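Q: Got a structure for you, questions after.
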Amino acid sequence: MPFTPIHMGPGIFIKAILQSSFSLMVFGWAQIVMDIQPLIVMITGEGHLHGFTHTYVDAVLIAIFSALTGKYLSEFGLKILRISKHENPISIVWWVVFLSAFIGSFSHVLLDSIMHIDVEPFFPIILANPFLDLMSVPILHKICLYSGLIGAAIYYGIHWRLKAN
């Protein structure tokens, strides 16, 4: 299913660990961009559902695109949400943007490789999917869900602790 929120669980956990060295918004944007091609296939009924966009080769291109567009979209979103401690406009540094986008696109390919039979993550070098059925889909979903819950607890625990000091 395109734009599945289950991919955000590991992103929330990574955000909790890396804090300001990771942009959850850019990560989420990369998740959306990854699933535009499957959405088009679902709407039109034509093409390979998890085609080239779900390969590591294209994950690099999607990460670059997501970083270049996601930086400005995220800064705009943060401005609208007024998530700022200062009067100055929020700026996300480029290395954080690229790190977040690459983690987003590569983790998306990995997670979908485990659960979708039509994903060929190493195309065009290898046509097989070595990650398929690495674990059951319910276990994969639980890992994603629990990583998000644990990440949220860690993130808010750290912020609560810092506010108390």
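Q: Exactly one condition in (1) hydroxyl-bearing (Ser, Thr, Tyr); (2) without any contact (Cβ under 8 Å) to a residue 40 or more places away in the chain; (3) buried (at least 16 other Cβ atoms within 10 Å of the Cβ) is not met by TYR156; state its number.
A: (3)
Q: Does GLY9 count as in contact with a helix residue (DSSP H, G or I) (Cβ under 8 Å, 6 or more places away or on another chain), crowded, with 19+ Cβ neighbours inside 10 Å and of a type outside the set (Phe, Trp, Tyr)? Even if it seems obvious, please write down each step before you answer.
A: Details: in contact with a helix residue (DSSP H, G or I) (Cβ under 8 Å, 6 or more places away or on another chain): yes; crowded, with 19+ Cβ neighbours inside 10 Å: yes; of a type outside the set (Phe, Trp, Tyr): yes.
So GLY9 fits the description; yes.
Q: Pick out the one residue from LEU140, LEU132, LEU162, LEU110 that is loosely packed, with under 14 Cβ neighbours inside 10 Å and of a type outside the set (Asp, Glu). Full working, then the answer.
A: Details: LEU140 fails: loosely packed, with under 14 Cβ neighbours inside 10 Å; LEU132 fails: loosely packed, with under 14 Cβ neighbours inside 10 Å; LEU110 fails: loosely packed, with under 14 Cβ neighbours inside 10 Å.
The conditions single out LEU162.
Q: Got a number for residues in region 98-140 being under 22 Å from GLN37 (Cβ atoms) and assigned to a helix (DSSP H, G or I)?
A: Of the residues in region 98-140, 19 are under 22 Å from GLN37 (Cβ atoms) and assigned to a helix (DSSP H, G or I).
Q: Sticking with this structure for a sec: From the list LEU78, LEU39, LEU18, which residue is surrounded by 13 or more Cβ atoms within 10 Å (Cβ to Cβ) and at pLDDT 95 or above?
A: On the way: LEU78 fails: at pLDDT 95 or above; LEU39 fails: at pLDDT 95 or above.
Exactly one of LEU78, LEU39, LEU18 is surrounded by 13 or more Cβ atoms within 10 Å (Cβ to Cβ) and at pLDDT 95 or above, namely LEU18.
The values are calculated or read from the model by the stated rules, or taken from the named source; none is laboratory data. Note that the structure is predicted; figures quoted are calculated from it, not measured. Neighbour counts run over all protein chains shown; Cβ positions are idealised from the backbone, glycine included.
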